[in-house]
Amino acid sequence: MDWIGLGIIVAKIVFFLLVGFTAAGYVMNLAERKISAFMQDRLGPNRVGFWGLLQPVADIIKLFFKEDVVTDRASKVIYFVAPMIIAFTALSALAVIPLTDVLTFFGRGMAIQIANLNVGILFIFAIASLGTYGAVLSGWAGNSKYSFLGGLRSSAQMISYEVSMGLSIIGILMIFESLRLNDIILGQSPLLWGFLPKWGIVVQPLAFIIFLTAAFAETNRVPFDLQEADAELVAGFHTEFSNSMKFGMFFMAEYINMFTSSAVIVILFFGGWQIPGISTAEIVSFFISLGASEFFASLFTILLQLGVTFAKIAFFMFLFVWVRWTIPRFRYDQLMNLGWKGLLPLAILNILATGLVMVII
Amino acid sequence: MRLKDKRLNILEYFYIPPILKGMGITLRHFFSRKVTVQYPKVKKEIYPRFRGAHRLEKNEQGREKCVACELCATVCPSKAITIEAAESPDPEVEKYPLRYEINVLRCIFCGFCVEACPKEAIAMTDRYELADYSREALVYNKEMLLK
Ligand code: SF4
Ligand code: SF4
């Protein structure tokens with residue numbers, strides 16, 4: 001590997017970390033509070049900075065200066081490691097997310113994506129299920145009944161919903177015949193009957209609903225935030241991490257997971273970076289026809305695609321927040337019922353139906 | 001009488017239509033007018049019968065109207081009023097309060113003292129920003145109340 005290639009990879013990692021910390025940590029922290037306030041006819045934080053834009057800065061400063069209380073009976077090592085596991089898994093799942101198509105810069109193909117893995121979607125699932133360990137271990141480490149219950153619930157919930165989540169995308173994998181995220185996105189480019197983009201949601205609407213529901217459960221968002229359940233369990237698995245930056249890590253990891261989930265939804269069901277009906281080559285040649293040099297044409301294209309991806313992802317982040325402030329939490333048995341008796345059979349049915357249709361066509 | 005559980009139909013069982021309905025409501029509120037009053041900058045309108053901090057009224061000679069009858073102190077449900085009566089220098093009036101203290105920390109702003117007073121000597125103002133730095137500063141004495 002040459003030095004430039006290495007430099008590019010480091011730059012990409014830095015970029016994704018920045019996206020993780022700012023987009024997820026900063027923007028969502030503020031957006032969540034603003035949106036929730038607006039939905040409740042309030043104004044939300046508006047004292048720090050213009051329109052409250054600096055509120056998260058104030059929060060971060062506060063978190064850093066808070067005393068780090070370690071409960072006496074906590075399992076110290078696990079207590080320190082658990083938040084790291086959560087933050088680490090949340091960030092590493094970003095590694096395979098493609099934000100743009102591959103474009104040529106100085107004869108070098110480049111995309112805003114750290115690793116173009118041939119098993120990208122499996123990697124995300126694997127890392128996401130590792131994140132559960134963070135929740136379970138921190139529930140255990142705190143040595144309090146509330147966090148312990150939260151950890152237990154989190155493991156049960158993850159197992160139930162990962163099954164239907166994994167099964168729900170099999171239809172997508174059958175149609176696009178690849179596990180590589182880029183191939184799945186490219187497979188969604190043709191138009192059906194000349195106007196409808198062959199997006200995942202069009203060919204697999206049922207899978208979309210199942211996946212979306214499971215994604216809510218995977219990211220521990222309302223209505224499936226049983227492991228936090230602030231009305232029942234104080235703060236669930238992170239009760240004992242009441243303040244300091246350890247709590248900050250849980251907080252951030254939740255938003256980064258939300259970002260990853262939204263990105264996966266966009267990639268699998270909404271054509272990723274694509275603008276329906278226009279291919280990357282067409283965008284580049286459009287910019288060249290406007291008189292841009294090859295380098296700038298690529299640059300504009302990559303920025304355009306980045307904007308498109310972020311717009312799509314932003315919509316789903318908004319959806320996550322929107323749902324959170326609309327519906328109440330599920331009861332535990334309802335959660336299990338929905339997972340095992342509702343989503344799982346539907347997912348299997350979806351695979352059967354997809355297979356049948358594919359055989360017939 | 002036995003109440004029957006209403007069975008959910010297939011659409012309700014998958015929760016989606018009710019959830020969409022709820023999301024419609026929250027979205028409507030997202031765009032609706034906000035009710036927040038931005039307090040220190042904007043203040044709420046105060047109505048004439050608002051019960052804020054007390055004030056002792058004065059008569060034409062500029063002396064307090066209070067005759068130290070202690071009706072207010074008697075009626076006060078939280079025992080916030082302390083009165084020490086003395087012979088009045090005014091020959092028309094029998095007694096006057098030598099000491100008149102209202103402990104605002106105890107007061108619940110019920111307004112009974114105002115209702116009880118036969119001389120209309122005590123009233124309530126619309127002043128409600130009463131925070132202070134010490135407990136002592138919140139026991140209002142006669143001079144403060146007469147201001
Ligand atoms: S307002 Fe009520 S509580 Fe306050 S001093 Fe008067 S009678 Fe007592
Ligand atoms: S009731 Fe009126 S006159 Fe009597 S002590 Fe109280 S304030 Fe004075």
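The values are calculated or read from the model by the stated rules, or taken from the named source; none is laboratory data. All values derive from a computational prediction rather than experimental measurement. Virtual Cβ from ideal backbone geometry, glycine too; neighbours counted across all protein chains shown. We work out accessible area using only protein heavy atoms, side chains counted, and drop any ligands, DNA or RNA first. Shrake-Rupley method; radii C 1.70, N 1.55, O 1.52, S 1.80 Å.
Quick look at the numbers
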{"item": "Given (1) within 14 Å of chain A (Cβ to nearest Cβ); (2) part of a loop (DSSP other than H, G, I, E, B), number of the condition B:S78 does not satisfy", "result": "(1)"}
{"item": "The stretch A:42-60, subset surrounded by 15 or more Cβ atoms within 10 Å (Cβ to Cβ) and small (G, A, S), residue nearest to the other protein chains (Cβ to nearest Cβ)", "result": "A:G44"}
{"item": "In the stretch B:76-93, the residues that are within 12 Å of ligand 1 (Cβ to nearest atom) and either open to solvent by 60 Å² or more (accessible area, probe 1.4 Å) or among the polar types (S, T, N, Q) (or both)", "result": "B:P77, B:S78, B:K79, B:T82"}
{"item": "Options B:Y96, B:Y128: the member that is open to solvent by less than 50 Å² (accessible area, probe 1.4 Å), more than 10 Å from ligand 1 (Cβ to nearest atom) and not small (G, A, S)", "result": "B:Y96"}
{"item": "Subset of the stretch A:63-76 [open to solvent by 100 Å² or more (accessible area, probe 1.4 Å), under 18 Å from A:N143 (Cβ atoms) and touching a residue at least 40 places away in the same chain (Cβ under 8 Å)]", "result": "A:R73"}
{"item": "Matching residues in the stretch B:108-117 - criterion: being near ligand 1 (Cβ under 8 Å from one of its atoms), part of a loop (DSSP other than H, G, I, E, B) and either touching a residue at least 40 places away in the same chain (Cβ under 8 Å) or more than 22 Å from the chain's Cα centre (by Cα) (or both)", "result": "B:F109, B:C110, B:G111"}
{"item": "Number of positions in the stretch B:91-119 that are among the small types (G, A, S) and under 12 Å from B:H54 (Cβ atoms)", "result": "1"}
{"item": "Test: residue in the stretch A:53-70 that is closer than 30 Å to A:T309 by Cα and part of a loop (DSSP other than H, G, I, E, B)", "result": "yes"}
{"item": "Residues of the stretch B:3-49 that turn out to be more than 14 Å from chain A (Cβ to nearest Cβ) and open to solvent by less than 80 Å² (accessible area, probe 1.4 Å), as a count", "result": "1"}
{"item": "Single residue of B:C107, B:C117, B:C113 found to be buried (at least 17 other Cβ atoms within 10 Å of the Cβ) and either more than 12 Å from ligand 2 (Cβ to nearest atom) or on the phi > 0 side of the Ramachandran plot (or both)", "result": "B:C107"}
{"item": "Count of residues meeting criterion [open to solvent by 40 Å² or more (accessible area, probe 1.4 Å), under 17 Å from B:I16 (Cα atoms) and assigned to a helix (DSSP H, G or I)] in the stretch A:311-335", "result": "2"}
{"item": "Members of the stretch A:277-293 that are in contact (Cβ under 8 Å) with a residue 24 or more places away in the chain and surrounded by 15 or more Cβ atoms within 10 Å (Cβ to Cβ)", "result": "A:T280, A:V284"}
{"item": "Test result for A:A231, surrounded by fewer than 18 Cβ atoms within 10 Å (Cβ to Cβ), away from chain B (no Cβ under 14 Å) and either out of contact with any Ser or Thr (no Cβ under 8 Å at 6 or more places or on another chain) or not in a loop (DSSP other than H, G, I, E, B) (or both)", "result": "yes"}
{"item": "Criterion: in contact (Cβ under 8 Å) with a residue 12 or more places away in the chain, out of contact with any Gly (no Cβ under 6 Å at 6 or more places or on another chain), among the hydroxyl-bearing types (S, T, Y) and near ligand 2 (Cβ under 10 Å from one of its atoms) - qualifying residue of B:Y140, B:Y100", "result": "B:Y100"}
{"item": "Count - residues of the stretch B:50-75 that are part of a loop (DSSP other than H, G, I, E, B) and open to solvent by 60 Å² or more (accessible area, probe 1.4 Å)", "result": "8"}
{"item": "Residue match in the stretch B:39-60 (condition: hydrophobic (A, V, I, L, M, F, W, C) and farther than 17 Å from B:V114 by Cβ)", "result": "yes"}
{"item": "Residue match in the stretch B:133-141 (condition: away from chain A (no Cβ under 14 Å), open to solvent by 50 Å² or more (accessible area, probe 1.4 Å) and either within 14 Å of ligand 1 (Cβ to nearest atom) or under 20 Å from B:V67 (Cβ atoms) (or both))", "result": "yes"}
